[in-house]
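To keep things clear, I will list the structure first and then write my remarks on it.
The values are calculated or read from the model by the stated rules, or taken from the named source; none is laboratory data. Predicted model only: the values in this text are computed from it and were never measured. Cβ coordinates were reconstructed from backbone atoms using ideal geometry, including for glycine residues, and neighbour counts include every protein chain displayed. The protein model used for the area step is the full one, side chains on, heavy atoms only, and it has no ligands, DNA or RNA in it. Shrake-Rupley method; radii C 1.70, N 1.55, O 1.52, S 1.80 Å.
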Amino acid sequence: MKKIIALVLAGVMMVGSLTACKGGVGKSSKYLLDIKYSKHVKLCDYKGVEATKVVYDVTDEDVMEEIEYGLYDYATYDPVTNRGVEVGDYATITYTTTIDGQVNEDFSGEDEEILVGEGYLYPELEDALVGMKASEEKEVKVTMTEDFADEGLVGKEATVQVTVKSISVENLPEYNLDFVKENTEFDTMEEYEASVKESLKTSKEEEYKYLAVEEIFAYLSDNSEFDGYPEELYTKCEKLYNESNEYYASMYGMELEEFLEMFGIDEAAKKEEIIASVNFELVVGAIAQEEGIDCTEKEVKEYVEEVYLDYGYDSAEAFLEDYSEEEIGGELIYQKVSDFLYENAKFVEISEEEYLAQEEAMYDETEGEESEEETTAHSLEDAIDAEIEKFDEDTTEE
């Protein structure tokens, strides 16, 4: 569990209200390396860095969309036994795909639940499911397309043997006063909707603050001058980098070498990414020492007590078996530095509509220029992001 938490821990820090603890300028911290960080980095002017501030609004429509989305958490599923599959049903299926006379496990599945009509499977296969009853089998011919297969398989014909195991329909509860009273801590719909609106505002504020801080750190890394690094810092960053890759490789059933090849990461690229991480640490440490930003053992303890349940730990002691006080203290200092930079930034405001349009245009441009290898890599990145999001949702529910 530690590896995945390590990737989202900094994001969680954004929601906390941490007050910078000021010491003397250049004062060392037990949660940083025992070095003078400015020896290795000559910082550019880090106060007044220009960053984008997204101006947003939360409408009543946004609130209702969020509430309607949340109704799916209370959905029930009724089995269907008196008819065949219809579009919009959930069907549990087992299917085996044969290509060039060989079973292809990558395009086969066992007891997979799909929403029929969602486009999860090949169109020919989804069309064939409609009308099939539970326990019915069928053989379907499909043509491999670039939307589902690697270039080497595009255009080939595949034979899919599919069995419908079960069919169910989804029932959503009605949003009304009874629902609010039964499933929330509120007594009126108005109170509940106000709470949802406040939650959406907080979420947007955190998201756009995080983007602005990323922008500021990118500027500092690009415009500061670096002169070597402590070997212990490189070793630390290399260890975290390797552990992260090993974790995700195992999560997707891949060997580490295969995972790195998927992303096109050779030794040179690996070192470049580790150095980028090292330089980031140097910037954070140098600003912390320059501004006397530190944290106390009390703050570390309070933070652990606040979050250990959210991450599925039974106690603060169990949490600290995976995360040392030094690691947590370092993360808290990073957050305080982030808050300091954000509070001292110079913002250029744009509307949320403008921001989203820019992101979409950038995505379309990048997608058009990507090679097949890059497209595959980004698909895996999306899968990793989805896994992290799922982890966040699961731990929140717990």
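Here are some notes:
- Taking region 133-155 as the range and being assigned to a loop (DSSP other than H, G, I, E, B) and modelled with pLDDT of 90 or more as the test, the residues that pass are LYS133, ALA134, SER135, GLU136.
- Region 214-264, subset out of contact with any strand residue (DSSP E or B) (no Cβ under 6 Å at 6 or more places or on another chain) and among the small types (Gly, Ala, Ser), residue least open to solvent (accessible area, probe 1.4 Å): ALA249
- One residue from GLU354, GLU349 being of a type in the set (D, E, K, R), in a helix (DSSP H, G or I), exposed (fewer than 15 other Cβ atoms within 10 Å of the Cβ) and more than 21 Å from the chain's Cα centre (by Cα): GLU354
- Looking only at residues in region 38-50 that are touching a residue at least 40 places away in the same chain (Cβ under 8 Å), of a type outside the set (S, T, N, Q) and out of contact with any strand residue (DSSP E or B) (no Cβ under 6 Å at 6 or more places or on another chain), the one that is most open to solvent (accessible area, probe 1.4 Å) is LYS39.
- Residue match in region 143-161 (condition: open to solvent by 20 Å² or more (accessible area, probe 1.4 Å) and under 26 Å from THR81 (Cβ atoms)): yes
- Lone qualifier among GLU105, GLU118, GLU110, GLU66 - being within 30 Å of LEU200 (Cβ to Cβ) and loosely packed, with under 14 Cβ neighbours inside 10 Å: GLU118
- When VAL140, VAL169 are screened for being buried (at least 16 other Cβ atoms within 10 Å of the Cβ), more than 30 Å from GLU354 (Cα to Cα) and touching a residue at least 12 places away in the same chain (Cβ under 8 Å), only VAL140 passes.
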